[in-house]
Amino acid sequence: MEQHKEELIARQEEVSLRNAMSTASLDVPVDLTSAEAVSVAPAEGDDDVAAPVQIAPDFATIRVACDLEHVTIGQGNVYEFREGQVYKVPMNVALHLHNLGYVWQWL
């Protein structure tokens, strides 16, 4: 044990650094949306509207309470979620997970 004391200390520092990096990466949102802001142009001959209207994409930023594997929401939409990770998802996915009790935090 005395011979490997320095090696054990180095290994403990490496493990603690890896755990800190893993925890920090949970706060970086994983974007599971493909929607972008939509611009609605005014109709031809409509003089009352000065500029196009910007419609915000329909998404939510959430953190799930537990690991979820192979979650199918809608036809052909399969999701994987890791506990504590921040996700940017379509609003219908966030509401579905919330209704089932899987949303830990809305951000």
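Worth a mention:
- Computed from phi, the 3J(HN,Hα) profile of the stretch 60-72 under the Karplus parametrisation 6.51, -1.76, 1.60 (θ = phi - 60°) reads 9, 10, 9, 10, 8, 8, 8, 5, 10, 10, 6, 8, 9 Hz, with x in place of Gly and Pro.
- For V86, the amide hydrogen comes within under 5 Å of the amide hydrogens of V28, V30, counting only partners 5 or more places away or on other chains and with H modelled in the peptide plane.
- Listed peptides 60-73, 83-96 appear in the order 83-96, 60-73 once ranked by packing, highest mean of other Cβ atoms within 10 Å at the front.
- Largest to smallest accessible area among E13, E6 [probe 1.4 Å]: E6, E13
The values are calculated or read from the model by the stated rules, or taken from the named source; none is laboratory data. Computed from a predicted model, the values in this text were never measured in an experiment. Every residue, glycine among them, receives a Cβ derived from its backbone with ideal geometry; neighbour counts consider all protein chains shown. Only protein heavy atoms, including side chains, enter the accessible area calculation; ligands, DNA and RNA are left aside. Shrake-Rupley method; radii C 1.70, N 1.55, O 1.52, S 1.80 Å.
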